[in-house]
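One structure is given here, and the rest of the page talks about it.
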Amino acid sequence: MNKLLLTILITLSSVFSFSQEKLTHEVYFETDKYDVPGTEENRLLLFISTLTDVDIESISIFGFCDDIGADTYNLKLSQQRANAIKTIFSNNEISESLISNVDGKGEILLKIVEEKNLLKIRGLNRKVEIIVKPKAPKPKVEETVAKTEPVVVKEKGVVDLIKESSKGDKIIFKNILFKTGYASVTPASKKILNDIAEALVEREDIYFTIQGHVCCTQFTRDAIDRKTKQRNLSEARAKYVYDYFVKKGVSKKRMRHLGMRRKFPLGGDPKFDRRVEIVITYVDNAN
């Protein structure tokens, strides 16, 4: 009995360790189809939402078919299924640079236990398998205390930049972050956005354009807003901030909002491309 218990514990431990190394998800398709069924797309979007806080090293996407059909047909169909999943990842702000494999593998050899399960088994073979490999955690390095304190130059915050701004200035809201695929800001960003609104109320002499951005979409397309299912996420983010400022007392006459799609990526962590910034378009010196 003790030996059996030990075997179970060892097995569970190895499974847990393996799950820490990679995250997997499977998407199932109808016969001869590569369009993702609605229920399967919803499951996939839920899986993508769990990746927001994962430091991803690579994503592999493998398409498969059942054993019906010629080999050339199955290879093409399995590749189309893999490509369809890649498109959904891209539309939902997952950087294509993270996707290392998008391969159609053709048919899967059926493992038939009972003849009556054949249709069910074939259904499970019409799929795409997604494997997400997180980056290994960085080893902790013990910090040594320096003998002399270095001189730290403090970067000006957004509020200070607004107070000193003039026509033509572009101010990036670096700490206003958005959840992947959505137009609303993260809870931690709300207080900072409130401080920015207060600064803009005080600077009633400046007029500005709110520019919304997205990350990771190919060929400068806009991303899909998961809430509305519209491909206008950058515009929706700019409109969200616009509406927030209006509620806090900033005059509508001083603002306009604009979606910039992915025309101006910053080139760093994709989360910083899910951003909003303002461009000062006019300063009323009479105020």
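The values are calculated or read from the model by the stated rules, or taken from the named source; none is laboratory data. From a predicted model like this one, the values you see are computed outputs, not experimental measurements. Don't worry about glycine lacking a Cβ; one is built from the backbone with ideal geometry, like all the others, and counts go over all protein chains shown.
Numbers below:
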read-out	value
Residue ID - farthest from Ile88 (Cα to Cα), chosen from residues in segment 210-247 that are basic (Lys, Arg) and not in a helix (DSSP H, G or I)	Lys227
Search result, residues across segment 248-273 that are in a helix (DSSP H, G or I) and surrounded by fewer than 20 Cβ atoms within 10 Å (Cβ to Cβ)	Lys252, Lys253, Arg254, Pro270, Lys271, Phe272
Residue in segment 124-136 that is touching a Lys or Arg at 6+ places or on another chain (Cβ under 8 Å), at pLDDT below 90 and closer than 19 Å to Val27 by Cα present	no
Long-range neighbours under 7 Å by Cβ, at least six apart or interchain, first residue free of Cβ contacts under 8 Å to residues at least 40 places away in the same chain within segment 76-92, second in a helix (DSSP H, G or I) and crowded, with 19+ Cβ neighbours inside 10 Å	none
Out of Gly69, Gly106, sole residue that is small (Gly, Ala, Ser), in the same structural domain as Asn125 (by TED's automatic domain parsing), over 19 Å from the mean Cα position of the chain (by Cα) and at pLDDT below 85	Gly69
In segment 20-56, the residues that are among the charged types (D, E, K, R), more than 16 Å from Arg81 (Cβ to Cβ) and in contact (Cβ under 8 Å) with a residue 60 or more places away in the chain	Glu21, Lys22, Asp55
Subset of segment 272-287 (residues that are farther than 17 Å from Arg254 by Cα and of a type in the set (D, E, K, R))	Asp273, Arg274, Arg275
Any chance Tyr244 is at pLDDT 90 or above, farther than 17 Å from Lys170 by Cβ and not assigned by TED's automatic domain parsing to the domain that holds Ile94	yes
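Every residue, every condition in (1) more than 20 Å from Thr186 (Cα to Cα); (2) not charged (D, E, K, R), yes or no:
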| site | (1), (2) |
| --- | --- |
| Tyr207 | yes, yes |
| Arg221 | yes, no |
| Arg226 | no, no |
| Glu235 | no, no |
| Ala238 | no, yes |
| Val246 | no, yes |
| Met255 | yes, yes |
| Asp273 | no, no |
